[in-house]
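Encoded as structure tokens, the structure appears first; notes follow it.
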Amino acid sequence: MKLSNRLQRIHDQIPEGSRLADIGSDHALLPVVAVRSGKAAGAVAGEVNPGPYEAARKQVSDAGLKERITVRRGDGLDVISAGEVDVITIAGMGGALIASILDRGLSKLDEVKLLILQPNVGEDILRRWLLEHQWVVVAEQLLEEDGKVYEIITAMPQDLSPIANEEVYRARPLEGGVELTTDLLLRMGPYLTDRPTDVFFAKWESEIVKLQSVVQSISKSDQESSRDKAAEVERLIVNLKEVLSCLPKVKL
């Protein structure tokens, strides 16, 4: 069984012998491979939708892993009990939805040592939630697969993290008097901006184009709030362009 590059990178970050919960597990591919590889001693595959839930049950059964992987139907972290797992993976959803899942399941996170999260959009929303709830981002990855760009964010509770949030999001001076502010680090990724690749530059150049379209759209309104919003987005575009112009490209 072969994982996509995206899921393989998530798998590779799971510590050996973990008690894993994969939320929104779809066909339970990740738990099956993680248990087979020894990354997970046991796993819970959670899925809210009936179709993927049945597909996950079949996958686990066909793999002969029903004794080690429990497939449960439920919403978010409702599928696990407090203290049942120490690693949680959530992939393929929006950052706002992942943050909402974590927020509703806060009581289930007390003994969790690692979150491996792959938001499709809204990465900054997820980073802000992690920061506000004393989780420290300890690693980030950016990859392109099948024409889509994905970010993988790995976080630990602050009492287990080797680095403090204050250091992760400390504003950084760049060349030419440009500052990589805490807000921009939350948007662009504190580790991704340290080693910006071609994929990183392509992602943010595309985001700037989208933001320019937003400005054009809201500038058509005569409302003062729309003018204020347009000015805010224009400032963000300027800041993003300045940062991109000052970051060195990493040669891979």
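The values are calculated or read from the model by the stated rules, or taken from the named source; none is laboratory data. Worth saying up front: this structure is predicted, and the values here are computed from it rather than measured. Note that each Cβ is placed from the backbone with ideal geometry, even for glycine, and that neighbours are counted across all protein chains shown. All accessible areas refer to the heavy atoms of the entire protein, side chains included, with ligands and DNA or RNA removed. Shrake-Rupley method; radii C 1.70, N 1.55, O 1.52, S 1.80 Å.
Counting only pairs 8 or more residues apart or on different chains, how many lysine pairs in region 56-206 have their Cα atoms under 26 Å apart?
4
Exposed loop trypsin sites (Lys or Arg not before Pro) only (DSSP loop, at most 13 other Cβ atoms within 10 Å): please give the longest stretch of the chain free of them, not including the sites.
67-169
Find the percent of Cα-Cα distances in region 104-163 that exceed 15 Å, and round it to a whole number.
Cα-Cα pairs of region 104-163 separated by over 15 Å account for 51 percent.
What do the square roots of 5 times the Cα gyration tensor eigenvalues come to for region 107-222, in whole Å, largest first, as semi-axes of the equivalent ellipsoid?
Values: eigenvalues 145, 60, 50 Å².
After scaling each eigenvalue by five and taking roots: 27, 17, 16 Å.
Take each uninterrupted DSSP H stretch in the chain, measure its Cα extent along the helix axis, and return the ones at 24 Å or beyond whose mean Kyte-Doolittle hydropathy is at least 0.0.
Both cut-offs are met by 198-218.
Starting from the Cα gyration tensor of region 15-163, take the square roots of the eigenvalues, sort them a ≥ b ≥ c, and report rounded, prolate or oblate (rounded when a/c is under 1.5, otherwise prolate if a/b is larger than b/c, else oblate).
Values: a/c = 1.56, a/b = 1.35, b/c = 1.16.
Verdict is prolate for region 15-163.
In the set (i) 61, 32, 30; (ii) 58, 40, 35; (iii) 44, 40, 35, which value of Cα extents along the principal axes in Å was calculated from the structure you see?
Recomputing Cα extents along the principal axes in Å here gives the entry labelled (ii).
Please grab the % of Cα pairs in region 32-110 that end up more than 17 Å from each other.
Tail of the P(r) past 17 Å holds 48 percent of the pairs.
How much of the accessible area of region 1-120, in percent, comes from carbon and sulfur atoms when a 1.4 Å probe is used?
46
In Å², what does the accessible area per residue of region 1-116 work out to with a 1.4 Å probe?
Per residue, region 1-116 has an accessible area of 44 Å².
Restricting things to Cα coordinates, could you compute the convex hull volume per residue of region 19-65 in Å³?
For region 19-65, the hull spanned by Cα atoms encloses 50 Å³ per residue.
Let me know the longest stretch in the chain that avoids all GluC sites (Glu not before Pro) found in a DSSP loop with at most 11 other C-beta atoms within 10 Å.
That gives 68-252 as the longest site-free run.
Carbon and sulfur together cover what percent of the accessible area of region 140-252 at a 1.4 Å probe radius?
Working: 3230 of 6650 Å².
Of the solvent-accessible surface of region 140-252, carbon and sulfur hold 49 percent.
Counting heavy atoms of the protein chains only and a 1.4 Å probe, report the per residue accessible area for region 145-252 as a whole number of Å². If you can, show how the numbers build up before the last one.
Values: 6440 Å² over 108 residues.
Value for region 145-252: 60 Å² per residue.
Working only with C-alpha atoms, what are the Rg and Dmax values of region 71-151, expressed in angstrom?
Considering region 71-151 through its Cα atoms, Rg and Dmax are 12.8, 38 Å.
HN-Hα J couplings of region 150-167 from phi, Karplus 6.51/-1.76/1.60, θ = phi - 60°, integer Hz, Gly and Pro as x?
10, 10, 10, 10, 10, 9, 10, x, 4, 6, 10, 6, x, 9, 8, 4, 4, 7
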